[in-house]
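The values are calculated or read from the model by the stated rules, or taken from the named source; none is laboratory data. Model, not experiment: these values are computed from the prediction. Cβ placement follows ideal geometry from the backbone for every residue including glycine, while neighbour counts extend to all protein chains displayed.
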Amino acid sequence: MEGTGSYGAGLAAFLDAAGERVVEVCRPKRPAHRGGRKTDALDAVRAAREALVSDHLIHPGRRGEREALRVLLATRGAAVLARTAAINQLKALIVSAPEALRAQLRGRTGKQQIAACLTQAACSTEGVEHRMTVRALRCTAQRIQTLTAEAKELEKEIHLLVRAMAPELLALVGVGPISAAQVLVSWSHPGRFRSDAAFAAFAGAAPIPASSGLTTRHRLSRAGDRQLNRAVHTIVLVRARVDPATRAYIAKRSAEGKSSRDAQRCLKRAVARQVFKLLERQAGSAATASRELHAA
């Protein structure tokens, strides 16, 4: 099926519940020499052909707790983006505000400017431009405050859910609730990926060989799940700041003549392997415990 995470989600869940094997296929390629014709029937045939010849079929993510995490992450992400846009809007308003207002806000940090805008009151003796600018600043600051609180509440919900699903994941160095949640959403369930290499490729964390002659190097993969890639990248950046072993590895690679990006690519591959094996092992332990409980 194509689009199991959007329009095909309901059908995919129904078929999975009925015991059918469902696999995800990418958008079928339309041959240019045939004019790129498109109908639902043609797309279905192309998707089926791609699935038949592919050795790397991906199973759709499961619903339940995983889907709950996904919608929380999406909602928090939207709130963070909207908050960033509101902050940029506030800065633009301050830049073009009347000098009397700019003087009051000049030299303050971003948080201090937001707090000042929240308490701004327009004087009736001021001109219409001044009064309306004060109103716009106050409304924008209130929006920032609301979105900040919303993002924090959603992060708390995400943290609680991740802690219930995979507490060992949060115990890893550099893994916060948001990164852990994205890893769980992308991994979904045991058996979705045949190996840690397949998971790393899905994350875009498997370096692509780009060697030539006497030069041995790898280039960055831009394929795969970019949200998962971002989570893995964030984990690496945090470890590079706080983990002595990671910092020693980067220093070692630098001494060998490798760039920091080359070291990061290797570290991202190692992180992908680590989190995949941890989740698969945790799922296997849970399944064994469940079987023993039912046997008793």
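In this structure, is Leu169 touching a His at 6+ places or on another chain (Cβ under 8 Å) and among the aliphatic types (A, V, I, L, M)? So that I can check it myself, show each step before the final result.
Numbers: touching a His at 6+ places or on another chain (Cβ under 8 Å): no; among the aliphatic types (A, V, I, L, M): yes.
No: the conditions fail for Leu169.
Select from the range 246-262 the residues that are charged (D, E, K, R) and closer than 23 Å to Ala210 by Cβ and list them in ascending order.
So in the range 246-262, the residues charged (D, E, K, R) come out as 247, 252-253, 256, 258, 261-262.
If the condition is that a residue be charged (D, E, K, R) and closer than 23 Å to Ala210 by Cβ, then Lys252, Arg253, Glu256, Lys258, Arg261, Asp262 are the ones that fit.
Whether any residue in the range 45-60 is on the phi < 0 side of the Ramachandran plot, under 19 Å from the mean Cα position of the chain (by Cα) and modelled with pLDDT of 80 or more is what I want to check.
no
Among the numbered criteria (1) assigned to a loop (DSSP other than H, G, I, E, B); (2) at pLDDT 95 or above, which single criterion is violated by Phe193?
(2)
Looking only at the range 4-25, filter to residues that are in a loop (DSSP other than H, G, I, E, B) and touching an Asp or Glu at 6+ places or on another chain (Cβ under 9 Å); which one of those is modelled with the lowest pLDDT? Steps first, answer last, please.
From the range 4-25, those in a loop (DSSP other than H, G, I, E, B) are 4-8, 18-23, 25; that's our starting set.
From what is left, the residues that are touching an Asp or Glu at 6+ places or on another chain (Cβ under 9 Å) are 4-5, 8, 22, 25.
On the way: Thr4: 70, Gly5: 64, Gly8: 73, Val22: 77, Val25: 72.
Restricting to residues being in a loop (DSSP other than H, G, I, E, B) and touching an Asp or Glu at 6+ places or on another chain (Cβ under 9 Å), the top hit is Gly5.
Filter the range 223-245 down to the residues that are within 14 Å of the chain's Cα centre (by Cα) and of a type in the set (D, E, K, R), then identify the one that is farthest from Ile208 (Cα to Cα).
Arg230
Does Ala122 fit the bill of being surrounded by fewer than 19 Cβ atoms within 10 Å (Cβ to Cβ) and assigned by TED's automatic domain parsing to the domain that holds Ile87? Show your work before the answer.
Numbers: surrounded by fewer than 19 Cβ atoms within 10 Å (Cβ to Cβ): yes; assigned by TED's automatic domain parsing to the domain that holds Ile87: yes.
Here the answer is yes, as Ala122 does meet what is asked.
Report yes if some residue within the range 191-210 is among the β-branched types (Val, Ile, Thr), over 30 Å from Arg70 (Cβ atoms) and either in contact with a Pro (Cβ under 7 Å, 6 or more places away or on another chain) or free of Cβ contacts under 8 Å to residues at least 60 places away in the same chain (or both); otherwise report no.
Pass one, the range 191-210, residues among the β-branched types (Val, Ile, Thr): 208.
Narrowing further to those that are over 30 Å from Arg70 (Cβ atoms): none.
Scanning the range 191-210 turns up no residue that is among the β-branched types (Val, Ile, Thr), over 30 Å from Arg70 (Cβ atoms) and either in contact with a Pro (Cβ under 7 Å, 6 or more places away or on another chain) or free of Cβ contacts under 8 Å to residues at least 60 places away in the same chain (or both).
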